[in-house]
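Input: a single structure, listed below in structure tokens.
No value in this document is a laboratory result; all are computed from the given coordinates. Just so it is clear, the model here is predicted, and its values are computed rather than measured. Cβ coordinates were reconstructed from backbone atoms using ideal geometry, including for glycine residues, and neighbour counts include every protein chain displayed.
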Amino acid sequence: MAAYRVPLKDMQFVLYHQLNAPQGWQKLGLDEVDSTTADAILEEAAKLVQEAIAPLNREADEAGCKFVDGQVSSPEGFKQAYQLFCDGGWGALSGNVDYGGMGMPKSLVSTVEEMVQGGCMSFGLAPMLTSGACLAIDAHASDELKNRYLPKMYSGQWAGAMDLTEPHAGTDLGLIRTNAEPNQDGSYSISGTKIFITWGEHDMAENIVHLVLAKLPDAPEGSRGISMFLVPKFIPNAGGELGERNAVHCGSIEKKMGIKASATCVMNFDQAQGWLVGEAHKGLQAMFTMMNYERLVVGIQGVGAAEASYQNAAEYARERLQSRSIDGPKYPQKPADPILVHADVRRMLLTMRALNEAGRAFYIYVAQWLDAAKFSKNEEEKTLAENMVALLTPIAKAFLTDRAFDAAVLGQQVFGGHGFIREWGQEQHVRDIRITQIYEGTNGIQAMDLIGRKTFACKGALLLLLADEIESYIESSVTSETQRLAQNLKEALTLAQQTTTFILDAAAKDKNTLGAAAVDYLDLLGYVCYGYMWLRAAVAAGSIEDKELAQQKSLLAAFYMERLLPELDVLAKKIRSGAATMMSMQDDWF
Ligand SMILES: Cc1cc2nc3c(=O)[nH]c(=O)nc-3n(C[C@H](O)[C@H](O)[C@H](O)COP(=O)(O)OP(=O)(O)OC[C@H]3O[C@@H](n4cnc5c(N)ncnc54)[C@H](O)[C@@H]3O)c2cc1C
């Protein structure tokens, strides 16, 4: 089994050449970040992941978490690795500097997130949820709550959890029953049961800060009546030290298909003391700050784990000897050729790599828009960035994870039967990545968000922003060597725009067109976005010193355009078939 190695060279290629991140940081006034600082961060993070986190992945999956008398114990080694993570200040990387954070741009921090997730997804979920909770607290909580909680959460001393789901309310959070009664002192008593709460209870941090969705007594019906509350496991005293144990307890943990080393908890709130975050009844909007962050990081999780699957598969393909190459032996001194010589095995490995590397570039690209939305002083640029983030977030969550799952299945296939058994570690990637397509809003719901709110509601205006950017990039940057790839991308963009027009017209007559087309439409835009990333990679390859790396990037770009981008034609055709057939099956025929 290959030990996970952080793909530093690929990350640096994206940051410094393909997407010119340092130029962006400078433009946003982030003077303390340049490629030297970034390299130091990347190299240190890679060391931590390779030495302390990735080695835990396999055995922690075997051992899982333990639940005894309401206490959750994390797998052996997690506490120590978490401590190292905290000691290195990694939890503070993107935090608000006013509360002890380092204020680093997301376009840099996201690569560290990929490393951690590539090393061990189950472990990575703990800091990921803490960072997301910090973002929501920073954006919506009172100064008093921020002062009390953020420094300890950035340091990792206290962890975060996100408590939305209830047994009868998953996608439709308007149905939640957890309630909040106001107390005399301005706090609230929270009662109810939440399920599937990742790291809702554990032994890695001394306190766990739950962000909980609940309804106030005067709440309007449905999703307009949801409020967000901060509910700590231990209530801090006035000095900020741990005080009384709060009435929030873990009832059990789930047995599950993947990410077995993370605890998925039932959390019972029995008049637990909590504090309102943001405005009453506006909790869902406030929670979206956390959810949008988590959605991008879930996409990053997919890329990280699919990269680990690729590395394992490529090593196996170099070593496994089976059959001779179809056009004559390539390694006649060996009893058979390594399977790497066979075109079909190359197809699988190159598909994985083309998807993974485009996924990496794409999440960094989305993170650049997030940075512009956060740091830009120019209102017009800020608005553009917010619109781009709105359009691209569902694609980043769903397309990255769907393609990561495809890649992991291919990685398993490269191993033949050995990919199905535990020994080689490939089946764990398939099991682990599977959840990324489900949690943080299923990929079907991401697709509905993209086609409904982000396309139909604005009559395709957001897509025009992306199309403008791609067209102006092609006009300004394409070289004679990349002309053919640019032509492929132009055609793809035209097809995407024509398909969008079809959807807007058809949905005006029949709303079910949206649901019927949603997933294919998200994939269609996803393939265009990855095409854009590969064009930029091919252009960047023309100007780097490392000629071998440049050649690899150019070949991968060509492979993507020849072999993967044509999926678009099928998707467009499926979308044009409309909704009539699927909606004509009567309910009682299912
Ligand atoms: C391991 C794990 C960890 C998790 N961690 C957390 C956590 O930390 N915090 C938390 O709050 N939750 C967490 N969840 C919950 C997770 O986010 C939900 O399971 C997920 O959002 C889907 O909700 P559901 O399971 O209730 O499915 P449902 O909402 O019942 O959906 C079932 C199916 O119907 C489809 N569907 C539903 N509504 C629509 C619609 N309007 N249009 C089209 N299709 C629709 C869905 O796409 C899905 O395919 C976790 C879940 C798991 C399994």
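Cβ-to-Cβ counts within 10 Å put F269, F502, F196, F405 in ascending order as F502, F196, F405, F269, the fewest first.
Each label was represented as a point 7 Å from its Cα along the Cα-to-Cβ direction; for E244 and E481 these points are 6.9 nm apart.
Taken over the Cα atoms of the range 438-506, the convex hull encloses 109 Å³ per residue. Dipole of the range 445-579 computed with +1 at Lys/Arg Cβ and -1 at Asp/Glu Cβ about the Cα centre; of L485, Y530, I544, farthest Cα towards the positive end is Y530.
The Cα atoms of the range 143-212 define a convex hull whose projected area, averaged across directions, is 5.8 nm².
Temperature 37 °C, viscosity 0.692 mPa s: under these conditions the Stokes-Einstein estimate for the range 305-380, based on its Kirkwood radius over C-alpha pairs, is 217 µm² per second.
Under a crude label model (7 Å from the Cα following the beta-carbon direction), how far is K374 from H418 in nanometres? Those two pseudo-labels are separated by 4.2 nm.
Straight Cα distances below 16 angstrom link K553 to the lysines K9, with same-chain residues fewer than 8 positions distant left out.
Once the mean of 1/r is taken over each pair of separate Cα atoms and inverted, the range 445-579 shows a Kirkwood hydrodynamic radius of 15.6 Å. The ratio of the alpha-carbon radius of gyration of the range 477-530 to the globular-protein estimate 2.2 N^0.38 Å is 1.41. Note on D143/Q322: beta-carbon distance plugged into 1/(1 + (r/R0)^6) with R0 of 56 Å gives a FRET efficiency of 0.30.
Descending by average beta-carbon neighbour count within 10 Å, the peptides 172-184, 198-210, 343-355 line up as 198-210, 343-355, 172-184, the highest first. If the segment from D270 to F502 were pulled out straight at 0.36 nm per residue, it would be longer than the present Cα-Cα gap by 78.4 nm. This ranking places V303, V266 by how few other beta-carbon atoms lie within 10 Å of each, fewest first, which gives V266, V303.
Listed by chain and number, the lysines whose alpha-carbon sits under 27 Å from that of K260, ignoring those within fewer than 8 places in the same chain, are K47, K66, K79, K194, K233, K397. A DSSP coil position with no more than 15 other Cβ atoms inside 10 Å describes the following GluC sites (Glu not before Pro) in the range 500-590: E545. What's the percent breakdown of Cα-Cα distances in the range 1-130 across 10 Å bins, shortest bin first? Using 10 Å bins, I get a P(r) of 11, 40, 31, 13, 4, 0 for the range 1-130. Calculated over the range 392-517, the projected area of the Cα convex hull averaged across directions stands at 10.2 nm². Taking one quarter of the surface of the convex hull spanned by the alpha-carbon atoms of the range 357-408 gives a direction-averaged projected area of 3.4 nm².
Length gained on full extension, Q83 to E545: 162.4 nm, using 0.36 nm per residue less the C-alpha separation. Computed from point charges on the beta carbon alone (+1 for Lys and Arg, -1 for Asp and Glu), the dipole magnitude for the range 445-579 about its Cα centre is near 480 Debye.
An ellipsoid equivalent to the range 271-430, defined through the eigenvalues of its Cα gyration tensor, has semi-axes of 44, 19, 9 Å when rounded to whole angstrom and sorted largest first. Loop-located trypsin sites (Lys or Arg not before Pro) across the range 490-568 with a Cβ neighbour count of 14 or fewer within 10 Å are K511, with loop assigned by DSSP. Can you compute log10 of I(q)/I(0) for the chain with the Debye formula, treating each Cα as one identical point scatterer, at q = 0.09 Å⁻¹? The calculated log intensity ratios at q = 0.09 Å⁻¹ are -0.71. With only the Cα atoms considered, the range 1-53 has a convex hull volume of 77 Å³ per residue.
Each of the peptides 162-170, 226-234, 119-127 was scored by the mean count of other Cβ atoms within 10 Å over its residues; in descending order, highest first, they stand as 119-127, 226-234, 162-170.
Distance from the Cα centroid of the range 569-590 to that of the range 373-408 is 29 Å (rounded to whole angstrom).
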